[in-house]
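The values are calculated or read from the model by the stated rules, or taken from the named source; none is laboratory data. Predicted, not measured: the structure shown is a model, and the values here were computed from it. In this analysis, Cβ positions are derived from the backbone assuming ideal geometry, glycine residues included, and neighbour counts consider all displayed protein chains.
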Amino acid sequence: MKCAGAVRADWSKLTSGGVILRLTPLFSPYLMLPELTPEALHARLQSGENLQLIDVRQPEEYAFCRIEGSILIPLGELASRADEVPDDRPVVLICHHGVRSMQALAYLQHRHEHTNLLNLRGGIDAWSRRVDASVALY
């Protein structure tokens, strides 16, 4: 998608499969920031899809609770560890409520041209409340 004054998008693809795309002026005038609902993530994991889950919270948050199979790359380390983010499969970015992971997504899109990123909408808090109550809330 190119944005030069006007936004063009295929709206039929913007909400399919639980993915919601949001136009947000973070690093460039308009970036497509795809979000995935907790329920859609759960369905994709249950189907066996090869997703990489990256948690951008702090180590103490990650130690307290996490989604099984996720790896930790704190937001503050992302710039120096961006090469650890795969580009050959979908990557779901996770934080507490979805704000830090959205910042990580925008950074990776803008600086590293990743196009395979999804933000977990509502973060691990929404995951705990709506999908897996065994994941602790804080």
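Looking at Y62, is it at pLDDT 95 or above, surrounded by 11 or more Cβ atoms within 10 Å (Cβ to Cβ) and among the aromatic types (F, W, Y)? When the stated conditions are applied, Y62 passes them. Just one residue in the set S128, S47, S101 is hydroxyl-bearing (S, T, Y) and free of Cβ contacts under 8 Å to residues at least 40 places away in the same chain; that residue is S47.
Yes or no, residue by residue, for (1) assigned to a loop (DSSP other than H, G, I, E, B); (2) modelled with pLDDT of 95 or more:
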site: A9; (1), (2): yes, no
site: L23; (1), (2): no, no
site: P29; (1), (2): yes, no
site: E39; (1), (2): no, yes
site: A43; (1), (2): no, yes
site: R66; (1), (2): yes, yes
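Does E68 fit the bill of being surrounded by fewer than 19 Cβ atoms within 10 Å (Cβ to Cβ), within 20 Å of Y138 (Cβ to Cβ) and in contact (Cβ under 8 Å) with a residue 40 or more places away in the chain? Considered against the rule, which asks whether it is surrounded by fewer than 19 Cβ atoms within 10 Å (Cβ to Cβ), within 20 Å of Y138 (Cβ to Cβ) and in contact (Cβ under 8 Å) with a residue 40 or more places away in the chain, E68 comes out as no.
Return yes when E60 is among the charged types (D, E, K, R) and not in a loop (DSSP other than H, G, I, E, B) and no when it is not.
Spelling it out, E60 is indeed among the charged types (D, E, K, R) and not in a loop (DSSP other than H, G, I, E, B).
Residues of the stretch 116-138 that are out of contact with any strand residue (DSSP E or B) (no Cβ under 6 Å at 6 or more places or on another chain), surrounded by 13 or more Cβ atoms within 10 Å (Cβ to Cβ) and not in a helix (DSSP H, G or I): G122, V131, D132, V135. Checked against (1) crowded, with 19+ Cβ neighbours inside 10 Å; (2) at positive phi, E113 meets all criteria but (1).
Scanning the stretch 71-110 for residues that are among the aliphatic types (A, V, I, L, M), surrounded by 15 or more Cβ atoms within 10 Å (Cβ to Cβ) and closer than 24 Å to L137 by Cα turns up L72, I73, L75, V91, V92, L93, I94, M102, A104, L105. Residues that are under 15 Å from P34 (Cβ atoms) and assigned to a loop (DSSP other than H, G, I, E, B) were ranked within the stretch 88-112; the one that is nearest to the chain's Cα centre (by Cα) is G98.
Restricting to the stretch 50-59, and then to whatever is under 20 Å from G122 (Cβ atoms) and either in contact with a Leu (Cβ under 6 Å, 6 or more places away or on another chain) or not basic (K, R) (or both), can you tell me which residue is surrounded by the fewest Cβ atoms within 10 Å (Cβ to Cβ)? My answer is Q58.
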